[in-house]
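Accompanying notes for the structure given below.
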Amino acid sequence: STPEMVCGADSTADVAFAGGPRLRGYAVPSSTVKPGQDLRVALYWQADEQPTEPLYGFVHIRNSQPGLPVNPRSGSEIWAQQDNFTPGNLSTTDFVPGKLYRDEYRVPIPDDIPPGVYYLEVGWLNPATGEQLEPLPESVTAPLDILWRSILLPPVTVE
């Protein structure tokens, strides 16, 4: 891998998060998924300095448009999610600055999710405070975007 290209990633990025590792790339083998399947996502993280607190990585599938039905189980716009308590199979407090970590997700898509286009949202959560880490806006470039305290990857379609 180089700063310009992360091996194994479909796309290279350099999104900084205040107090956490930066998103250096991502891979989504298929942007189309059916209810009952898993959406596979790989995120590539790199710490500039060793985090002092453990952080959880997350991937959410959420409504992309107002007026879409909410998840009946949670009452929220998030239809599916996976949290990784050890991103890259290692506590973030053990991340070595400058090293890349591949963080794999298999997000189960519920059987009752309506067809449509959904946001693919990723980020960091500090479990001690319950707060998500802020992405730094100046580091976010298209096709990525910011939604509150997370990054939106290109959307996924549920058929």
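State whether one or more residues within the range 110-129 are touching a Lys or Arg at 6+ places or on another chain (Cβ under 8 Å) and of a type in the set (A, V, I, L, M, F, W, C).
Taking every residue of the range 110-129 in turn, none turns out to be touching a Lys or Arg at 6+ places or on another chain (Cβ under 8 Å) and of a type in the set (A, V, I, L, M, F, W, C).
Within the range 42-53, does at least one residue satisfy the condition of being of a type in the set (Asp, Glu), within 20 Å of residue 139 (Cβ to Cβ) and either touching a Pro at 6+ places or on another chain (Cβ under 9 Å) or surrounded by fewer than 16 Cβ atoms within 10 Å (Cβ to Cβ) (or both)?
yes
For every residue, the table says whether it meets (1) within 15 Å of the chain's Cα centre (by Cα); (2) open to solvent by less than 80 Å² (accessible area, probe 1.4 Å).
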residue: 79; (1), (2): yes, yes
residue: 94; (1), (2): no, no
residue: 98; (1), (2): no, yes
residue: 132; (1), (2): yes, yes
residue: 145; (1), (2): yes, no
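Testing residue 34 on (1) closer than 23 Å to residue 109 by Cβ; (2) in contact with a Ser or Thr (Cβ under 9 Å, 6 or more places away or on another chain); (3) open to solvent by 70 Å² or more (accessible area, probe 1.4 Å), one condition comes back false. Which one is that?
All conditions are met except number (2).
Tell me, which residue of the range 4-18 that is assigned to a loop (DSSP other than H, G, I, E, B) and more than 18 Å from residue 132 (Cα to Cα) is least open to solvent (accessible area, probe 1.4 Å)?
Filtering first and then ranking leaves 6.
Since residue 52 meets every condition but one in (1) at pLDDT 95 or above; (2) of a type in the set (S, T, N, Q); (3) closer than 16 Å to residue 132 by Cα, which condition does it not meet?
Among (1) at pLDDT 95 or above; (2) of a type in the set (S, T, N, Q); (3) closer than 16 Å to residue 132 by Cα, the lone unmet condition for residue 52 is (1).
Do the conditions hold for residue 59, that is, is it in contact with a strand residue (DSSP E or B) (Cβ under 7 Å, 6 or more places away or on another chain), β-branched (Val, Ile, Thr) and closer than 14 Å to residue 101 by Cα?
Here the answer is no, as residue 59 does not meet what is asked.
If I ask for residues that are under 16 Å from the mean Cα position of the chain (by Cα) and over 26 Å from residue 53 (Cα atoms), which ones from the range 100-118 would you list?
Correct list: 108, 109, 118.
Being loosely packed, with under 13 Cβ neighbours inside 10 Å and either within 15 Å of residue 44 (Cβ to Cβ) or among the basic types (Lys, Arg) (or both) is the requirement here; does residue 149 meet it?
In short, no.
Taking strands (runs of 3 or more DSSP E) that do not extend beyond the range 61-159, which have at least 1 residues that are without any contact (Cβ under 8 Å) to a residue 12 or more places away in the chain and among the β-branched types (Val, Ile, Thr)?
145-147
The values are calculated or read from the model by the stated rules, or taken from the named source; none is laboratory data. On a predicted model such as this, the values are computed, not experimentally measured, just so you know. Ideal geometry is used to build each Cβ from the backbone, glycine not excepted, and the neighbour counts take in all protein chains shown. With ligands, DNA and RNA removed, areas are computed over all heavy atoms of the protein, side chains included. Shrake-Rupley method; radii C 1.70, N 1.55, O 1.52, S 1.80 Å.
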